[in-house]
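Since the structure comes first, as structure tokens, the remarks are kept for the end.
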């Protein structure tokens with residue numbers, strides 16, 4: 001379509017999902033220079049047609065929603081929390097974990113008229129308890145949420161649970177699973193139309209790689 | 001403690017210099033195009049009863065408005081929308097006028113909060129047209145043509161895309177599958193965010209795996225005329241089929257005008273289905289991360305104000321458009337002549353003004369120095 005540059009900008013979340021995400025893009029032919037400076041926050045793939053930007057996971061929806069990046073990869077935990085208006089055409093099958101409520105093993109099940117909840121996900125937490133009619137005080141923390149119950153700041157936490165090890169180490173156990181979370185490919189609504197061909201190509205290439213991965217896993221002894 | 005007066009509430013802003021000029025230029029061009037299609041300008045009231053918007057736009061949209069209480073205790077709203085107010089005027093104030101009614105406007109609208117974080121403006125200006133009293137492909141095409149002319153006149157023809165769909169396609173599918181409101185909303189959400197694998201899983205409960213997958217593929221991508229043949233293979237219910245046929249005849253006109261490069265059929269467009277009753281379209285422009293505008297057919301709206309009449313219309317967001325064009329306004333769109341500098345320092349003030357008034361009489365731009 002016309003003048004529209006076919007060049008794509010993809011937002012990559014730094015940290016937990018970064019390595020697996022880059023592997024996935026490498027598998028569809030979007031390879032980064034092996035010797036790139038890890039402090040560099042924007043770089044191109046080898047062909048030079050795709051630009052990667054490396055941002056904090058919670059910033060991926062912001063860049064994509066504003067169209068600064070055409071697409072991005074982000075955990076559904078971040079997506080649920082951001083309430084950003086994005087297309088989510090593909091679940092990438094990486095970074096699977098749960099968003100869960102966890103509480104000290106000895107916490108009584110009932111009898112609380114007001115629950116103090118420590119979390120990095122204030123919106124998810126308040127929506128979840130709100131729908132259940134449970135009054136809560138949300139304590140928004142930016143890290144080490146597992147400590148809050150032990151130190152008496154909160155009765156329970158809402159957090160991302162991968163293996164559950166960190167929880168056990170802090171005397172917590174999952175009491176309710178709010179949602180499953182996995183990395184999603186997200187696309188800006190305008191880019192989806194304006195760069196339709198390249199984005200469609202990217203989606204179908206990623207789909208192909210994911211399918212191959214499934215087949216490989218299934219055929220493993 | 002008092003706030004410093006320098007602070008501006010979030011979501012509001014000043015426009016000046018290039019941006020202010022770009023807004024004026026765009027608005028002037030739009031209004032002259034609308035007049036060229038015989039649309040009459042209407043200036044709706046800024047404040048109206050909240051219940052009007054609640055009825056017209058639906059509760060969730062209306063709830064985003066700024067509300068205030070009138071002296072008699074009734075709830076008022078700063079208008080969050082232009083169309084509602086105009087639709088009401090069409091069937092009340094202009095009830096006796098000959099049909100079709102062609103109305104256009106440039107109206108500031110207000111929202112307490114946006115629909116998403118990219119939608120940060122709480123005050124924005126919508127420029128639009130409404131064609132009331134005609135239910136035909138010609139009426140739909142007229143609205144699309146006006147929007148297209150505006151985009152082309154603004155020299156965006158190399159970068160704009162208009163996506164087309166019809167609300168009845170989705171409604172027909174929902175009816176055919178026998179979905180209740182909750183399932184309908186979930187299906188709509190999955191189509192809207194193009195979550196294809198989840199969509200397939202959802203549909204598997206209602207239809208065969210083959211059909212579910214064919215439907216997911218159909219809504220995934222927009223396309224040109226080939227979409228119709230693909231859609232007919234997947235969609236068989238008469239209600240959706242009728243909508244597809246309508247869309248196809250519209251496409252034939254677009255194609256015959258040589259416009260198909262800028263148009264796409266996007267059957268995955270399912271926003272505001274409770275509002276639109278036929279054609280829906282969205283306008284995107286390269287360089288702008290958000291939608292520039294859109295429109296469609298809303299045959300159920302005026303009925304809420306006492307008389308059901310078919311209607312179709314569109315809006316573009318002046319703010320987004322002006323932002324995009326502000327960079328070019330001096331070179332391409334400016335109509336301003338060069339200014340004449342008049343020195344006033346030490347000169348006879350009567351002579352200075354005599355000269356200035358004369359220059360202005362011939363419409364030259366003047367600037368009195370010092």
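In square nanometres and to one decimal, what's the mean projected area of the convex hull around the Cα atoms of segment A:28-142?
Details: hull surface 40.5 nm².
Projected area, direction-averaged: 10.1 nm².
Can you give the convex hull volume of the alpha carbon atoms of segment A:97-180 per residue, in Å³?
Numbers: hull volume 6.9 nm³, N = 84.
Hull volume over Cα atoms, normalised by residue count, gives 82 Å³.
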Segment B:249-315 and segment B:45-63 have their Cα centres apart by a whole-number Å value of 21 Å
Relative contact order as a percentage, chain A, C-alpha pairs under 8 Å and 6+ apart, gives 27 percent
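Report for the protein assembly as shown the percent antiparallel among DSSP-assigned beta bridges with both residues inside it, nearest 5.
Roughly 70 percent of the beta bridges in the protein assembly as shown run antiparallel, per DSSP.
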Reduced to Cα centres, the span from segment A:24-68 to segment A:170-193 in Å works out to 20 Å
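Rg to Rh for segment B:149-231: what is it, with Cα atoms only and Rh by Kirkwood?
Details: Rg = 15.7 Å, Rh = 14.5 Å.
Radius of gyration relative to Kirkwood radius: 1.08.
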For chain B, one quarter of the surface area of the C-alpha convex hull, expressed in nm², comes to 25.7 nm²
Length gained if residue B:241 through residue B:351 is fully extended, taking 0.36 nm per residue and subtracting the Cα-Cα distance, is 32.0 nm
Contact order relative to length for chain B, counting C-alpha pairs under 8 Å separated by 6 or more residues, stands in percent at 19 percent
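Report relative contact order for segment A:97-180 in percent, whole number only (criteria: Cα-Cα under 8 Å, sequence separation at least 6).
Details: 162 pairs, mean separation 41.4, N = 84.
Computed over segment A:97-180, the figure is 49 percent.
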Put in order of increasing Cβ neighbours within 10 Å, starting from the fewest, A:43, A:97, A:71 give A:43, A:97, A:71
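Applying 1/(1 + (r/R0)^6) with R0 = 51 Å to the Cβ-Cβ distance of residue A:127 and residue B:31, what FRET efficiency is obtained, to the nearest 0.05?
Values: r = 44 Å, r/R0 = 0.86.
Efficiency, from the Cβ-Cβ distance: 0.70.
Given a Förster distance of 30 Å, report the FRET efficiency between residue B:152 and residue A:96 from their Cβ-Cβ distance, rounded to the nearest 0.05.
Working: r = 48 Å, r/R0 = 1.61.
Once the sixth-power term is evaluated, E becomes 0.05.
If you take each beta carbon of peptide B:117-124 and count the beta carbons of other chains within 10 angstrom, what is the mean? Could the numbers behind the result be given before it?
Values: counts 8, 12, 2, 1, 0, 0, 0, 0.
So the per-residue partner count for this stretch is 3.
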At q = 0.21 1/Å the base-10 log of I(q)/I(0) from the Debye formula over the alpha-carbon atoms of segment A:9-73 is -0.81
Restricted to chain A, the DSSP antiparallel beta bridge percent, nearest 5, is 60 percent
With -39,500 (n - 2.57) per DSSP H segment of 4 or more residues and division by the full residue count of the protein assembly as shown, the 222 nm estimate, nearest 500 deg cm²/dmol, is -11500 deg cm²/dmol
Each label sits 7 Å from Cα toward the beta-carbon; between residue B:70 and residue B:8 the label points are separated, in nm, by 3.2 nm
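Fewest to most neighbouring Cβ within 10 Å: what's the order for A:35, B:111, A:66?
Details: A:35 5, B:111 20, A:66 17.
Least to most surrounded, the residues fall as A:35, A:66, B:111.
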Rounded to the nearest 5, the percent of DSSP beta bridges in segment B:40-175 running antiparallel is 90 percent
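Starting from the exponent 0.38 and prefactor 2.2 Å, build the expected Rg for segment B:1-102 from its residue count and divide its actual Cα Rg by it. List each step's numbers first, then the result.
Details: Rg = 17.8 Å, N = 102, 2.2 N^0.38 = 12.8 Å.
Output field value: 1.40.
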By Cβ neighbour count within 10 Å, fewest first, A:33, B:192, B:72, B:269 rank B:72, A:33, B:192, B:269
So the compactness index of chain A, its C-alpha Rg divided by 2.2 N^0.38 Å, takes the value 1.16
For residue A:56 and residue A:205, extending 7 Å from Cα along the Cα-Cβ vector and measuring point to point gives, in nm, a value of 3.1 nm
Computed Rg/Rh for the protein assembly as shown (Cα atoms; Rh = Kirkwood radius) stands at 1.01
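To the nearest whole percent, what portion of all C-alpha pairs in segment B:211-270 is separated by more than 15 angstrom?
Details: 865 of 1770 pairs.
In whole percent, the share of Cα-Cα pairs in segment B:211-270 beyond 15 Å is 49.
Taken together, the values in this text are just the output of simple stated rules run on the coordinates, not laboratory data. Since we're looking at a predicted model, the values are computed, not measured. Note that each Cβ is placed from the backbone with ideal geometry, even for glycine, and that neighbours are counted across all protein chains shown.
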